[in-house]
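The values are calculated or read from the model by the stated rules, or taken from the named source; none is laboratory data. Keep in mind the model is a prediction, meaning the values are calculated, not measured. All Cβ positions, glycine included, derive from the backbone under ideal geometry; neighbour counts span all protein chains shown.
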Amino acid sequence: MIRSLILLILVVALMGSARSFLGPGAVASSDAGTALAFGFLVLAAIQSGEIAAALRLPRLTGYLACGLACGPSAAGLLTAPMISSLKLVSSVAVGLIALSAGCELDLKHLRPRLRSVASIAGISLVLALVAVAALVMALSPWIPFLRELTPPQRQVVAFNLGVLIASLSPSVVLALLSESGAQGPVSETSLGVVVLSDIAVIVLFGIGSSAAQQVFGGVHEAISPATKLAIEIFGSIAVGALVAVAIRLWVRHVRRGLVLFILAVCVVAAEVGSRLHLDPLLINLAAGLILQNVLRVSGEEIAHALEPASLPIFAVFFALAGAGLDLAVVRTLWVAALAFAVVRGVALSAGALAGARLARAEPVVQRWAPFALIPQAGVSIGLAEILGRHFPTWGVGARALVLSVVTVNLVLGPVLLRMALVRSGEVGKKGAAADLSAPATAPAPTAG
Amino acid sequence: MAPVPLQLVRPHAWTIALVALLCCLAPQSARAQLVDAATMTDAADVPDVPDAPDVPDVPDVPDVPDVPDVPDVPDVPDAPDVPDVPDAPAVVDASVDAGASAATIASPPTPEAPPPNAGTIARVTLGLMAILALALLAGHPSVRAWERRSGLAMVTGSGLPFLALGLVARRPEIGILSPSVLQDLRPLLEFGLGWIGFRVGTDFDLRQVERWPAGTVRAMAIESGSTALVVGVISASVLALVHPPGEALVAANVVRNAVIIGACAAVSAPTGARLMGLLGLLEPSAARKLRRVAALDDVMALLAVALVTAAFRPINGSAWQLPPLGWVFLQVGMGVGLGLLIWVVVRNARNPNEDVAMTLGALAFSAGMAGYVGFSPLAVCFVSGMTAANVPGSAAAGSWLSRPRFRDLERPIYMAFFVVVGALWSPHDRRGWIMLPIYVLARAAGKLLGVRAARVALAESSEGALPGAMRLGPSTSTWLALLPSSAVSIAVVVSARSSYPEMLKGSLETVVIGGALLSELIFRVSARALAGHGTRPGEDAVGALSIDHDDPDDDRPTLPSLPPGAPKAPR
């Protein structure tokens, strides 16, 4: 830990000195800024993760804390343009996470749990959505951006806020499962639930934004939201099928450099997604599912191939998520954020418990699976950004509220989930290979 | 003399195809220039614009100062619970997690792009995937083996097709490498420069210097210095002559451009010396020593780049004010410091995954920091690599990035680098095409002059040279062996373009890429003429670039293995 701390201080000092170079009127190359930020985040986040692990916290919490502390709203070592320029890394990370998740979801193996997964995901999502929306409605006379709205408008806003605040985080859950090498009923159920909920949230948001457009007018668009939603979902699945076939061909005919090929595929999915309005998550999730369940490529093989890439990608991804949080907003809205976070957590947990009992899931699932629903990250943030852009009258305020709730859940969620995985006894069951802290098998280049 | 396979000296079909491509581009650019000129003088004379203009280079997005904290909004008396934050600066990336792009359901309020059709989706997906898959396949052992068998340097072997691929893929009608995709991929250039610099640096083992033949460094300095000088002086004169009327001619810029072009001209690929040795045109020991000289040429170019960025600061208004010499010291100090950092973080890696992550992160950090303060990542990372490889107790030089886990990574990085370079290359500036033949001839003349001067300096013409001292072979063979250009020349161009985006409007790429191609052609045709038509079956040229970890002491033919009974390679 001391060694990691010294290295962290060294890297931060170097970054600080580099950032002091630019005078008020000077402009650096944005490419250099991107490379600098990426390198800094890799080095600093990995050391922070080590420190967190030494403190018995998830490494992911260390990555998040590093990003939060160095981000624009705290130390300012990373600027907003730097963070924005690393969006490709974020998209690639999302792709990697989704592909891994898809490959892990062996539907044949998961079939006995499908009832539990659907039940937990459905009931918890509905319950959280209703609870949050009800809270929004109850507080609407005191929430400035809702005060001037008519009752139907308030209901639409409440629905949208309910969807955003109730959403889960597949990335955090998968990263934690990967980091801890967890395997078992809780892990499998949790993964299924968060993936299913994520798809449901995308659909619900489509409905919510469509309703908002009807009620508020919003931005006039040539294509109806329903059509856009259909294009996004089915286009993503189609591209995902292409991606799966490409990976299958590579595995069968080339094999060499599989991890680089998959990274390249994630870059393609990210670029295609951003240019054609498709969802990188859905593309890669579909690719993973098709690979595992249709094309019969071993998901374990893919996951094993991705291990070397996971560490830097996850570190940068979660550090970026931390850097993107805005402490100023949290400082302003911390009371409301806590209230919404508590209501969300209680509703999701109650829903998950009810769903698990209804489906007669194992007791260990009933007890610990609800904790997988607490973490929250970019789904809500991304969707809130869109609301802010398209409905400026109330979207900006809604975005600030969602951001503050996400901050609370992003900080607490991974800690709670790790605790649940430890208590359920599933940590490390996947084998040492998945544990990134495994002892060295090949030494660094230090020998004579 | 044993016969030599014809394919060793015959210009490869790819080379011919790419010459044809360059020729196609040249008239097009000249035509565009003519149209531009005619438009300026008499627009009515121009019937139509023949070709759609290329997508302009994506402008750099300037770094902006930190987003200031939003001041706390005071509580509104009658709204005590949830104060409104009117415009909180959410700097969060919308794609940070799953489903974020679902938000595109309500797309930005800008003019809406036409919805993607199935053909567009398939073309873009498959096109991008094909480019990246090809970049990966270029690292396949069989591709490397082909490159080695043909004796081609990377820049004219597997590199040039990727440059062409980038050039074609960015055209609007192809639409695969759009400006937004390129903008996303541009940081790869910075990283690639850092990688190449670090690679050259780690190959430079100071502990081995005293084992080199006496006079090696002197021969390199004279040979490459003469080339840089000749090419630099001629380039400066030509650039001054073809300077567009109406634009002010800044003497400092001419000098800067000339130094950079001279640095590009100085570097040679070791493949030439190796091939000449195998052809019997150079004695094996002379060929081996010459390869060392060719590999060291890279250092000369990197030093020139370092001096240019110190003397001609690309960033104005920085908070640090230093004299040019101070910038030089700072550059060296930064390189040493970052080299030590890389050494420390990699030494502390606890497993292979962390080793890879930390090495890549430290390289990106070094390259980014160099670029951020206006230095060349190539030069700073060269010093870093040299430092990391020469720290007491460090691994033997050259072993850092040649370990298997990095070896698989290296070629795809280079190839992706070439694709991006090709996509950013704008071959429509007239000056580049005017400069190209002059550059090639001046470089050839400079190399000849350099070889002769080095021979004189090494007193090779006189008797009594010490055994083991640096000896150059016959002037013509030595000169010819130094003609092929190294990929470091492309890296120097990219570095210069990154530091000085306005520099020569894309002509530099035309000159250096075209120059590398023509030099290779001249070398191969001349070598063939000199060697006659004899062949030596079963022998391979084992060509490799210096950044391909070509070991000048290693003459072993690697692929394919010699057939039974075939004569062995001369040593």
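Is at least one residue of the stretch A:52-61 within 14 Å of chain B (Cβ to nearest Cβ), of a type in the set (A, V, I, L, M) and within 30 Å of A:Ile247 (Cβ to Cβ)?
yes
Can you tell me which residue is farthest from B:Pro437 (Cα to Cα) among those in the stretch B:499-510 that are buried (at least 24 other Cβ atoms within 10 Å of the Cβ) and among the small types (Gly, Ala, Ser)?
B:Ser499
If I ask for residues that are facing chain B (nearest Cβ under 8 Å) and at pLDDT 80 or above, which ones from the stretch A:200-211 would you list?
A:Val201, A:Phe205
Being in a loop (DSSP other than H, G, I, E, B) and away from chain A (no Cβ under 14 Å) is the filter here, so list the residues in the stretch B:484-500 that pass it. Write out each step before concluding.
The initial filter retains those residues of the stretch B:484-500 that are in a loop (DSSP other than H, G, I, E, B), namely B:484-487, B:500.
Of everything in the stretch B:484-500, those that are in a loop (DSSP other than H, G, I, E, B) and away from chain A (no Cβ under 14 Å) turn out to be B:Pro484, B:Ser485, B:Ser486, B:Ala487.
Of everything in the stretch A:216-260, what is modelled with pLDDT under 80 and among the basic types (Lys, Arg)? Give them in sequence order.
Scanning the stretch A:216-260 gives A:Lys228, A:Arg255, A:Arg256.
List, please: which pairs have Cβ atoms under 8 Å, are six or more places apart or on different chains, and start with a residue in the stretch B:279-296 that is on the phi > 0 side of the Ramachandran plot and end with one that is part of a loop (DSSP other than H, G, I, E, B) and buried (at least 24 other Cβ atoms within 10 Å of the Cβ)?
Final answer for the pair search is B:Gly280/B:Val4.
Report, by residue number, each residue of the stretch B:231-258 that is surrounded by fewer than 23 Cβ atoms within 10 Å (Cβ to Cβ) and of a type in the set (Val, Ile, Thr).
Once the filter is applied, which keeps residues that are surrounded by fewer than 23 Cβ atoms within 10 Å (Cβ to Cβ) and of a type in the set (Val, Ile, Thr), the stretch B:231-258 yields B:Val233, B:Ile234, B:Val238, B:Val242, B:Val250, B:Val254, B:Val255.
Please indicate, with yes or no, whether at least one residue in the stretch A:274-281 is surrounded by 24 or more Cβ atoms within 10 Å (Cβ to Cβ), in contact with a Pro (Cβ under 9 Å, 6 or more places away or on another chain), over 30 Å from A:Gly62 (Cβ atoms) and within 14 Å of chain B (Cβ to nearest Cβ).
Yes, the stretch A:274-281 contains at least one residue that is surrounded by 24 or more Cβ atoms within 10 Å (Cβ to Cβ), in contact with a Pro (Cβ under 9 Å, 6 or more places away or on another chain), over 30 Å from A:Gly62 (Cβ atoms) and within 14 Å of chain B (Cβ to nearest Cβ).
For the stretch A:145-160, how many residues are assigned to a helix (DSSP H, G or I), within 12 Å of chain B (Cβ to nearest Cβ) and of a type outside the set (Phe, Trp, Tyr)? Give the steps one after another, and end with the answer.
Of the residues in the stretch A:145-160, the ones assigned to a helix (DSSP H, G or I) are A:145-147, A:151-160.
Filter once more, keeping what is within 12 Å of chain B (Cβ to nearest Cβ): A:145-147, A:160.
Next cut, of a type outside the set (Phe, Trp, Tyr) only: A:146-147, A:160.
Result for the stretch A:145-160: 3.
Taking A:Ser349 and the conditions (1) within 14 Å of A:Val194 (Cα to Cα); (2) crowded, with 21+ Cβ neighbours inside 10 Å, which numbered condition does it fall short on, given that it satisfies the others?
(2)
Read through the list (1) crowded, with 24+ Cβ neighbours inside 10 Å; (2) not in a helix (DSSP H, G or I), then give the number of the only condition that A:Ala75 fails.
Of everything listed in (1) crowded, with 24+ Cβ neighbours inside 10 Å; (2) not in a helix (DSSP H, G or I), A:Ala75 misses just condition (1).
Which pairs do you get when a residue that is farther than 15 Å from A:His109 by Cβ, found in the stretch A:292-303, comes within reach of a residue that is crowded, with 16+ Cβ neighbours inside 10 Å and hydroxyl-bearing (Ser, Thr, Tyr), reach meaning Cβ atoms under 8 angstrom, with the pair 6+ apart or on two chains?
Once the first residue is farther than 15 Å from A:His109 by Cβ and sits in the stretch A:292-303, its partners that are crowded, with 16+ Cβ neighbours inside 10 Å and hydroxyl-bearing (Ser, Thr, Tyr) give A:Ile302/A:Ser100.
Residues of the stretch A:63-79 being out of contact with any Asp or Glu (no Cβ under 7 Å at 6 or more places or on another chain) and farther than 17 Å from B:Gly371 by Cβ, which ones? Give the derivation first.
Going through the stretch A:63-79, the residues out of contact with any Asp or Glu (no Cβ under 7 Å at 6 or more places or on another chain) turn out to be A:63-71, A:74-75, A:77-78.
Passing the criteria: A:Tyr63, A:Leu64, A:Ala65, A:Cys66, A:Gly67, A:Leu68, A:Ala69, A:Cys70, A:Gly71, A:Ala74, A:Ala75.
Of the residues in the stretch B:338-359, how many are assigned to a helix (DSSP H, G or I), free of Cβ contacts under 8 Å to residues at least 12 places away in the same chain and surrounded by fewer than 20 Cβ atoms within 10 Å (Cβ to Cβ)?
Residues flagged as assigned to a helix (DSSP H, G or I), free of Cβ contacts under 8 Å to residues at least 12 places away in the same chain and surrounded by fewer than 20 Cβ atoms within 10 Å (Cβ to Cβ) within the stretch B:338-359 amount to 2.
When you look at A:Leu263, is it within 23 Å of B:Leu409 (Cα to Cα) and modelled with pLDDT of 80 or more, yes or no?
Judged against the criteria, A:Leu263 is a match.
For A:Ala269, indicate whether it is more than 9 Å from every other protein chain (Cβ to nearest Cβ) and not basic (Lys, Arg).
Considered against the rule, which asks whether it is more than 9 Å from every other protein chain (Cβ to nearest Cβ) and not basic (Lys, Arg), A:Ala269 comes out as no.
Out of everything in the stretch A:271-313 that is in a loop (DSSP other than H, G, I, E, B) and in contact with an Asp or Glu (Cβ under 8 Å, 6 or more places away or on another chain), what residue ends up being nearest to B:Gly361 (Cα to Cα)?
Restricting to residues being in a loop (DSSP other than H, G, I, E, B) and in contact with an Asp or Glu (Cβ under 8 Å, 6 or more places away or on another chain), the top hit is A:Asp279.
Can you find, within the stretch A:231-248, the residue that is surrounded by the fewest Cβ atoms within 10 Å (Cβ to Cβ) among those that are closer than 14 Å to A:Val294 by Cβ and more than 9 Å from chain B (Cβ to nearest Cβ)?
A:Val245
For the structure I just gave you, tell me whether A:Arg113 is charged (D, E, K, R), over 29 Å from A:Tyr63 (Cα atoms) and within 11 Å of chain B (Cβ to nearest Cβ).
Here the answer is no, as A:Arg113 does not meet what is asked.
Please count how many residues of the stretch A:367-403 are crowded, with 21+ Cβ neighbours inside 10 Å, part of a helix (DSSP H, G or I) and more than 9 Å from every other protein chain (Cβ to nearest Cβ).
9
Take B:Met386 and tell me if it is farther than 20 Å from A:Ala18 by Cβ, more than 7 Å from chain A (Cβ to nearest Cβ) and modelled with pLDDT of 85 or more.
When the stated conditions are applied, B:Met386 passes them.
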